[in-house]
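Participant: Starting off with a structure, shown below.
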Amino acid sequence: RFLNKWNSRMNLTGLRSAGEILRVLMAESFFAATLVENAEGSILDIGAGAGFPGLAMAVYRPEMELVLLEPRKKRAAFLSALRRELGLSRVTLWGRKLEECVAGDFSTLPAVLTMRAVGRFSEVIGCGIRLLQGSRRVLLFSSIAGAEGIMEGIQNVLWSPPHAVRWNPQHVVLLGQVLGDVPRVTPTARGST
């Protein structure tokens, strides 16, 4: 109901029926949360938009620490209101782009990078993996038809076989491990050289 109210004022998601939102966005986010049970750190959700997958993952597993990046002000306002409404104290919202983030922004660098419906996966992941530590994993959502192209187009990630979404046979969740030769950043203060 909360999402529908805000969605009528701004286009948060192209899905309109509650059933589609639950089946495609919410349930797939819950499923993804089970794939990163031992994340060894926080999860960074890039382009959090309507809260999928990050906010939904936190609903399913409230002990998870998540950082939601959403540079669009109206969507960030929605996410902030929903986070308060749901009492998700381990979720942090940053109203900025990934390119603006430096390691010093994080009290602990994230272990998992995720996003849904963000174009240019390869560029975004290339920019984001520099911030990862610990298990250093990437979690993406795809159609079966697009999965191979996504996995082949992203360098420096060793992909597990796609995880089938049983209730939505055309969709898969992709989970990959960042290879060791990707440069990591060391925590520095924001704005320092």
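Participant: For the range 123-137, in order, what is each residue's ³J(HN,Hα) by Karplus, 6.51 cos²θ - 1.76 cosθ + 1.60 with θ = phi - 60°, in whole Hz (x at glycine and Pro)?
Facilitator: 5, 5, 5, x, 6, x, 5, 5, 8, 7, 9, x, 5, 6, 10
Participant: Okay, next question. Work through the residues other than Ile125 whose Cβ is under 12 Å from its Cβ and net out their charges, Lys, Arg +1 and Asp, Glu -1.
Facilitator: Overall, the nearby charge balance is +3.
All of the numbers you see were taken from the coordinates with simple rules; none came from a lab. Because the structure is a prediction, the values reported are computed rather than measured. So basically every Cβ, Gly included, is an ideal-geometry build from the backbone, and we count neighbours across all protein chains shown.
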